[in-house]
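Only one structure is covered here, and it is reproduced in the block below.
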Amino acid sequence: MQILQTCSGSAPSRCLPYGTRPRSSCTSVPDGLAAPGKAGQAEPRPVVQVPTDALKISRHLTRRDQGALTSATRSHAGKAPKTALEPPFSGFEGHPQQPNATAPLPGTLLRASDALLLFLPERSNLAGVRHILLVLSGKGGVGKSTISTELALSLRHSGKKVGILDVDLCGPSIPRMFRVQDNDVHQCDSGWVPVFVDQDKSISLMSIGFLLEKPDDAVVWRGPKKNALIKQFVADVAWGDLDFLIVDTPPGTSDEHISTVEALRPYKPLGAILVTTPQAVSVGDVRRELTFCKKTGLRVLGIVENMSGFVCPHCSECTNIFSKGGGEELAKHAGVPFLGSVPLDPQLSQSLEEGRDFIQEFPKSSAFPALTHIAQQILDGTLQQSS
Amino acid sequence: ERSNLAGVRHILLVLSGKGGVGKSTISTELALSLRHSGKKVGILDVDLCGPSIPRMFRVQDNDVHQCDSGWVPVFVDQDKSISLMSIGFLLEKPDDAVVWRGPKKNALIKQFVADVAWGDLDFLIVDTPPGTSDEHISTVEALRPYKPLGAILVTTPQAVSVGDVRRELTFCKKTGLRVLGIVENMSGFVCPHCSECTNIFSKGGGEELAKHAGVPFLGSVPLDPQLSQSLEEGRDFIQEFPKSSAFPALTHIAQQILDGTLQQSS
C-alpha cells in the first residue's frame, strides 16, 4: 500500500491506512491464516463448536420446524440462520460473537451419555469424497456458479457422483440452477443431508439458499458469522461417497475464501478452477485471485474464459461483446493451464434460468463442446494423478 | 474540523446483491453523464477485493497524494470534474491481492469515508462490491450522518440475478436506505451485423422486480460492445459514442437522478 507524501511539503498527519502495516505486508499475507487473535484483528471464536448430532441423538430424519430457526447451530432442523440484521451495527464491531440465545453453549447442555459420544472417533463427513475442487474468481458475475453447475452435470454424464457446496452466503445461486430452491435440508446422525437434485441421487447440493425461509431474506452478516457457517458446511454435511465435491465460492478474496481454504486444507483439495471473462477489468481481478491461490498454497487447475464471444443465432456472425482473449493471455502469463473458452449461449442462460440439464438437453448448443472439454480435462487430470 | 463530506451535496450508492451485473459500469457512466450536465462528481470505490473504477477511467497507475485535510482523490483529467478514490490506487502491483477479513476492510472503509478531501461535489457515487456483507454494513454506517440520497440497485434480467437483488432490497429496507430505483443492465443484445435482438440473459426480470417491490424502474441498458470497449480503454462513452445503443438508457438514468434531486430541493 502506498500513500505518497504531500507535494506541498507539509507533514501529513496520517500516512497509512488505519489498521495496516507499512509497505506491502498488509496486502500479501492472508490474515486469516496467521495466528488468530492478533491485535487489531478481533477474531471472535465461532459459535459452532459442537457437532450437531451430539446435541440431539436421533435416528430419524426430522423435518424443519415451521417456526423460524434463528441460528445455524440449532440441532433439530437445519434451517434458517438469522436473516435479519443484528441491531445495532456498531455493537458488533470487534466484539466477541455472542452465542445465539437459542443455541446451547458447547458442553453445558450435554448429558453424560452425549458427552461420551464426543470422544468416540467419528468418520469425517468428507472421508468418502475422492476429489475436492474449488471454483474461484476475483470478479463477480463471470460464471462461477454456471461453470460449477455445468461441470457437475458433465461429470455426472461421465458416470460420476458429484456434490456442490455453495459457500456464497450472500448470493447463493446453485439451488436455483437445479430448480430445487424450495427444497429443505434435513438432518441425519452424521449431520445435514445434502439436497439431491433428482431420484438418481447422483448430484447433491448444500447451500444457504436452502436454509432461508423466504426468497427476500437477506444474509447481512459480518465475517465471524459467515466463517462459522462455512465451517459447519465443511464439517457437518453428510456427503457420503462422492467422486467430486465442487465448491462454488462468492467473488473476491475475503472471509469466505480464507475460511473455506482453511477448513478444506486437511482434506487436500485437488485445486482450483479460476473463471474470468475476456475483459481487462475481469482479468485484473482474477490476477489477484491467482495471488490468493499462490499465498494459500492452492493449486490452480486452470483458467476458464467464459462469455467469450457471441454467435448471433440469426446471422451466425460472431461479436466479442466482452472483448476477447484476456483469459487465455492470463493463463499463459501466469503459467497455468488454459481450460477453454465458453461462448455466450442464450440456450445455456435459459437452461440455468429453468434449472434444466444443459448437457443432456442441448448437445448441439454453442457452449456444449467447451463445457464438456473442461470436464474431460478435469477427469484426465484425476486419472493422471491416480496412476 | 470541517468534515471532508461537508461540501458534497448528494451521496448515492450503487448496489447489487449479484456480482458482475454492472455496478461499476453504471457508476462510471452515471458519473460521465452527470459531468456532461455540468456537475462535479466523485466516485468512491469501496470494493476492496475487486476495485474496477480506476481502470474504467484509465488512471489505474495513478497514485494517491496527501494534503492537510487528508487524502487527495485522483482526478481523471485536467478538468478536475470527476475525482476517484479506490484501493486500486493504493496497491503496488496489479497482482497484489487484498486478502483481508472483515475488521480490516471496515477500518479502511471508515478512512475512505472520513479522510478523502473531496472538496465541493454535486454528487458522490459510492460503488460497492456484490453482496450484503461487512463492506456494505460499514459503508452505510459511516455514511449515515451525511444522509445519503439513496441507492440505485443494478440487476441483469435473469432470475438468478433478480433473486440476489431482492435480498439487496431487503438490506436497504433494514438499513433505512432509500431505493432511488432499479436498473436492468445487459438487457438484450442487438446484433451489429443483422440488427436482430437476442435476449442473451433473459428479459424483463428487473422491471418486474421494480414493480413487485414498488420502487422506480430507471431503465434497461442493452448489451453494447462499444460500451464494453469504452470501459476497457477508459474512454468517455457518453462523449464519444452518442449513437451507440446503450447511450439513451444511460443518459436517461442520469436525467432521472438529476430530476429527483431538483424535486428534492424545491
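The values are calculated or read from the model by the stated rules, or taken from the named source; none is laboratory data. From a predicted model like this one, the values you see are computed outputs, not experimental measurements. As a convention, Cβ positions derive from the backbone with ideal geometry for all residues, glycine included, and neighbour counts pool all protein chains shown. Please note that ligands, DNA and RNA were not included when accessible areas were found on the heavy atoms of the full protein model with its side chains. Shrake-Rupley method; radii C 1.70, N 1.55, O 1.52, S 1.80 Å.
Summary of values
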quantity	calculated
Pairs from A:Lys225/B:Lys93; A:Lys201/A:Lys324; A:Lys214/B:Lys105; A:Lys226/B:Lys23; A:Lys332/B:Lys110 whose Cα-Cα separation, in the structure shown, is over 27 Å	A:Lys225/B:Lys93; A:Lys201/A:Lys324; A:Lys214/B:Lys105; A:Lys332/B:Lys110
Those GluC sites (Glu not before Pro) in the stretch B:163-212 that DSSP places in a loop and that have at most 13 other beta carbons within 10 Å	B:Glu196
Charge-dipole axis of chain B as Lys and Arg at +1 and Asp and Glu at -1 on Cβ define it, positive-most pick from B:Ser187, B:Gly163, B:Leu124	B:Gly163
Linear extension gain, A:Asp198 paired with A:Lys214, 0.36 nm per residue minus alpha-carbon span	3.5 nm
For the stretch A:236-248, Karplus couplings with θ = phi - 60° (6.51, -1.76, 1.60), whole Hz, Gly/Pro x	10, 8, 7, 5, x, 8, 10, 6, 9, 10, 9, 9, 8
Backbone N within the stretch B:151-171 under 11 Å of label point (7 Å from B:Ser265 Cα along the Cβ vector)	none
Interface A:B - total buried accessible surface [probe 1.4 Å, Å², rounded to 100]	7100
Cα gyration tensor, the stretch B:1-74 - rounded (a/c under 1.5), prolate or oblate	prolate
Solvent-accessible area, 1.4 Å probe, carbon plus sulfur percent, for chain B	46
Rounded to whole Hz, the Karplus (6.51, -1.76, 1.60) HN-Hα couplings of the stretch A:130-146, x for glycine and proline	6, 9, 10, 9, 9, 10, 10, 7, x, 9, x, x, 8, x, 4, 5, 4
Estimated vicinal HN-Hα couplings, Hz - the stretch B:112-117 in sequence order (Karplus 6.51, -1.76, 1.60; Gly, Pro = x)	4, 6, 8, 10, 8, 7
Candidate aspartates and glutamates - alpha carbon under 18 Å from B:Lys80, same-chain residues fewer than 8 apart omitted	B:Glu29, B:Asp45, B:Asp61, B:Asp63, B:Asp120, B:Asp122, B:Asp236
Spin-label model distance (nm) - A:Gln360 vs B:Arg2, 7 Å beyond Cα toward Cβ	6.8
Measure of compaction for the stretch B:8-263 (Cα Rg per 2.2 N^0.38 Å)	0.96
Stretch gain in nm, segment A:Asp184-A:Lys294, where the contour uses 0.36 nm per residue and the Cα spacing is subtracted	35.9 nm
For B:Ile152, distant residues with modelled amide H under 5 Å away	B:Leu13, B:Val14, B:Leu15, B:Leu180
Hull shadow area, averaged, the stretch A:136-291 [alpha-carbon convex hull, nm²]	9.6
